[in-house]
Amino acid sequence: MPERTFAGKRVVITGAAGVFGQWIAQAYAAEGASLYLSDIREDALRNTVDKLRQEGVDVHWHVTNLVDEHSINELVQVVEQQWKAPDIVINNAGIYPYRTLMNMTLQHWNETMDLNLAAPFLLTQHFAKQMIASEVEGSFINISSGAASTAGVGMGNYSVSKVGIEMLTKTFALELSPYRIRVNAVVPGYAPGSEVSVMTKEHTEHMIKITPLGRTSGPDDAPQAILYLTSDQASFITGSILTVDGGRTAGRLK
């Protein structure tokens with residue numbers, strides 16, 4: 001990929017204070033992008049922004065509660081005031097609330113759907129309108145999961161939300177194609193410390209064991225795939241789901 005591929009590009013990233021969100025932000029910053037970072041965790045978000053600014057990155061931020069439509073609208077408005085429209089939107093924020101059928105309430109279910117599915121829908125809708133009005137041939141990335149294709153105990157609500165995000169990715173790709181706006185999704189591998197990982201040594205060792213390439217995901221894996229999908233080199237790719245998980249969801253090793 002050419003040096004400073006995203007110089008002059010404006011990138012919105014949700015869930016930017018988490019491990020994976022920080023990796024994405026750092027990857028775009030290294031390629032010259034301007035950033036608008038969003039997260040509900042103000043202190044963690046501020047720390048992320050401060051680190052990037054110390055490196056000379058052009059970065060703005062907004063504390064956003066993505067299960068609150070009013071807060072979503074505020075984020076959309078401040079981005080419009082700053083840029084008129086973004087070039088790239090990364091719908092990264094998400095939760096993985098482990099709940100089995102017998103201990104899941106409707107509130108648990110709805111909270112998962114609101115953050116993992118409804119928020120990307122609303123953000124894509126609003127930011128696509130900005131792109132169309134400003135004639136920006138932009139790009140959206142949704143973050144899916146291997147849970148969209150592989151069931152597991154306690155993952156019902158999470159898995160359904162990720163199946164939904166993959167179908168929204170394909171549907172929105174079709175609907176936005178007349179405007180040359182692309183929509184794709186990435187399925188990252190297991191990353192210790194991320195919001196949707198179980199943070200125990202034993203679980204990490206288990207995930208490494210069942211991953212064909214024999215390691216966990218790092219900052220040069222899924223984030224680089226995201227950069228590729230939003231670059232000019234991927235201008236003919238839309239409606240795709242790119243899996244970057246070391247082969248874990250391809251099948252069993254034994």
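Each reported figure results from applying straightforward, stated rules to the coordinates on display, with no laboratory input. What you see is a predicted model, and the numbers here were worked out from it, not measured in a lab. Using ideal geometry, Cβ is built from the backbone for each residue, glycine included, and neighbour counts are taken over all protein chains shown.
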Quiz item: Convex hull volume of the Cα atoms in segment 24-91, per residue, in Å³?
Solution: 83
Quiz prompt | Of the chymotrypsin sites (Phe, Trp or Tyr not before Pro) in segment 173-252, those whose Cβ has at most 16 other Cβ within 10 Å and which sit in DSSP loop | solution = F236
Quiz item: Once the mean 1/r over all distinct Cα pairs of the chain is inverted, what Kirkwood radius in angstroms do you read off?
Solution: 18.4
Exercise. Rank T230, T200, T112 by mean-square fluctuation in a GNM of the chain with C-alpha springs under 10 angstrom and give only the top-ranked residue.
Key: T200
Exercise. Have a look at A234, I90, T150 and report the one farthest towards the positive end of the charge dipole of segment 10-243, computed about the Cα centre with Cβ charges (Lys/Arg +1, Asp/Glu -1).
Key: T150
Quiz prompt | Pairwise centroid distance, computed over Cα atoms, of segment 1-73 with segment 115-140, Å | solution = 17
Quiz item: Which value in deg cm²/dmol, rounded to the nearest 500, describes the helix-derived mean residue ellipticity at 222 nm for the chain, given -39,500 (n - 2.57) per DSSP H run of n ≥ 4 and division by the residue count?
Solution: -12500 deg cm²/dmol
Quiz item: Suppose R0 equals 30 Å; then what is the FRET efficiency for L174 and V244 from their Cβ-Cβ distance, rounded to the nearest 0.05?
Solution: 0.80
Exercise. Going by C-beta contacts inside 10 Å, put T14, T249, T124 in order with the fewest on the left.
Key: T249, T124, T14
Exercise. Could you state the angle between the C-alpha long axis of helix 42-54 and the longest principal axis of the C-alpha atoms of the chain, as a value from 0 to 90 degrees rounded to the nearest 10?
Key: 60
Practice problem: Quick one: order M104, M155, M131 by neighbouring beta-carbon count within 10 Å, fewest to most. | Solution: M104, M155, M131
Quiz item: Between T150 and R46, what is the spin-label point distance in nm, taking each point 7 Å from the Cα along the Cα→C-beta axis?
Solution: 4.0
Quiz item: Most exposed first by the Cβ proxy, i.e. fewest other Cβ within 10 Å, how do Y158, Y98, Y28 rank?
Solution: Y98, Y158, Y28
Practice problem: Pull up the DSSP beta bridges for the chain and report the antiparallel fraction as a percent, rounded to 5. | Solution: 0
